[in-house]
Amino acid sequence: MRTQVVIVGAGPSGLLLGQLLHKAGIESIVLERQTGDYVLGRIRAGVLEQTTCDLLAEAGVDARMHAEGLPHDGIELCFGGARHRIDLHALTGGKRVTVYGQTEVTRDLMDARAAAGLSTVYEARDVALHGFDGTAPSVSYTAKDGSRHSIDCDFIAGCDGYHGVSRASVPPGAVSTFEKVYPFGWLGVLADTTPVSHELIYSNHARGFALCSMRSPTRTRYYVQCSLDEKVEQWSDDAFWNELRARLDPAAAAALQTGPSIEKSIAPLRSFVAEPMRFGRLFLAGDACHIVPPTGAKGLNLAASDVRFLSRAFMEFYAEKSSAGIDHYSDRCLRRVWKASRFSWWFTSLMHKFPESGAIGQKLQDAELSYLVSSKAASTALAENYVGLPFER
Ligand code: FAS
Ligand code: PHB
């Protein structure tokens, strides 16, 4: 088999890249280790930056996002028993975010790829990358019937996440990694209940961080900070709702509607960046080369940002025979990746309980939060990072 671009991974990065390339007349084959249902079953991001929404429109998959997505003009910070609104829209000259789950983005991309009759190989095992340090790379894999296949291509896009094969295929000396592991995780619950508020609430509390989010007017997504040695089986629904309620202001605690969880999971938090993001004819995008703590809602949006740069680089190569985009892909992405990583680290450090920081740690956080909500300059800095920094020219 032969194609122009082999995309490893059918998460949002891989599927969005495939769709943008298809729109530009560039062929791709997507190889995915899991089944489509498994990919859709992973509950992850919930907030889209405007630039991500614009990219979904460019890919022709924004109809349902516009119909069902929830535009949000602000977020609330909860601390000291009270909530303080950050007016994203006013502080950023009219920008906003859209609440629309990653599961729905992935479903829209899957449907579009299938409708276009494009090739996605699910349950592809033993994917292996070959010859990407030359000009004739290929990718081999075992199909679910056990047959072995090889695909010749011009480029390989490694969109296979943190545990994928693509970054692991790069000679260790060729990649530099930077990692910070946080001493806690997020216990997340999905429930068919009415959101406690119409906007997201980020809570800094002596018992730990909490986040009130949503997927629709009737489906909520809540998180509480938990220790890394906790198991999701230890948390009954009642225990979760009581802990969440204890970390909110009195009005939100009183308004909280509880119900049976339809998904419950614990995610670890880390900051991770791999440099560079290009190795010959292999290009890494999304979680394959960076992970941010979800506090700043940047993970999915950074993946979309990489895909924006990579899709344009491939378009330039094929349409204009120019390698400028390809040659500058990594440094362009990394400038944006590090700024989003810094914001995600800062917001995580501000909102979470760090036992090792002692009593002074909470006092310093309280002081910064009090300054943040009383300073237009500080609130603007939060707002412009939260809605997504503009793309450099
Ligand atoms: P993904 O990991 O989504 O997709 C990679 C795909 O590659 C997967 O489908 C995988 O099965 C496949 N793959 C892996 N190895 C392979 C191989 N060898 N061969 C073939 N296929 C292979 N972001 C937020 O903004 N907010 C959040 O609240 C949030 N919560 C998260 C919770 C968890 C538990 C995790 C892990 C991430 C979370 N994220 C969140 C970040 C998340 O949304 C990612 O940024 C997003 O999934 C990135 O998409 P991809 O780069 O496509 O990677
Ligand atoms: C979510 O809805 O899953 C979500 C929203 C905002 C975040 C993290 C997760 O910062």
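Couple of notes before you dig in:
- Trypsin sites (Lys or Arg not before Pro) within the stretch 226-314: DSSP coil, no more than 14 neighbouring Cβ in 10 Å: 231
- Gain in span if fully extended, residue 378 to residue 342, counting 0.36 nm per residue against the direct Cα distance: 11.4 nm
- Fully extending the segment from residue 111 to residue 181 would add 21.6 nm, taking 0.36 nm per residue of separation and subtracting the current Cα-Cα distance.
- Shown for 351, 110, 315, 277: other C-beta atoms within 10 Å of each C-beta, ranked fewest to most, produce the order 315, 110, 351, 277.
- Gyration tensor (alpha-carbon) shape descriptor, the chain, a/c threshold 1.5: prolate
- Other residues with beta-carbon under 12 Å from the beta-carbon of residue 294 carry, at +1 per Lys or Arg and -1 per Asp or Glu, a net charge of +3.
- Taking each residue as 0.36 nm, the span from residue 239 to residue 327 lengthens on full extension beyond its C-alpha to C-alpha distance by 26.5 nm.
- On the basis of the beta-carbon distance and an R0 of 25 Å, residue 85 and residue 389 show a calculated FRET efficiency of 0.70.
- Spin-label pair residue 229-residue 40: with each label point 7 Å from Cα along the Cα-Cβ axis, the two points sit 4.0 nm from one another.
- Neighbour-count order for 336, 64, fewest beta carbons within 10 angstrom listed first: 64, 336
- Computed [θ] at 222 nm, deg cm²/dmol, the chain (DSSP H ≥ 4; -39,500 (n - 2.57); rounded to nearest 500): -11500 deg cm²/dmol
- Once the C-beta distance of residue 148 and residue 253 is scaled by a Förster radius of 35 Å, the resulting FRET efficiency is 0.05 to the nearest 0.05.
- Centre separation in Å (Cα based) which lies between the stretch 288-358 and the stretch 167-195: 13 Å
- Angle in degrees between helix 237-246 and the longest Cα principal axis of the chain, rounded to the nearest 10: 60 degrees
- Neighbourhood charge, 13 Å Cβ-Cβ cut-off, centred on residue 219 and excluding it, Lys, Arg +1 and Asp, Glu -1: -2
Where a number appears in this text, it was derived from the coordinates with a stated rule and is not lab data. Keep in mind it's a predicted model, so treat the numbers as computed, not measured. Methodologically, a virtual Cβ is constructed for each residue, glycine included, from the backbone with ideal geometry; neighbour enumeration extends over all protein chains shown.
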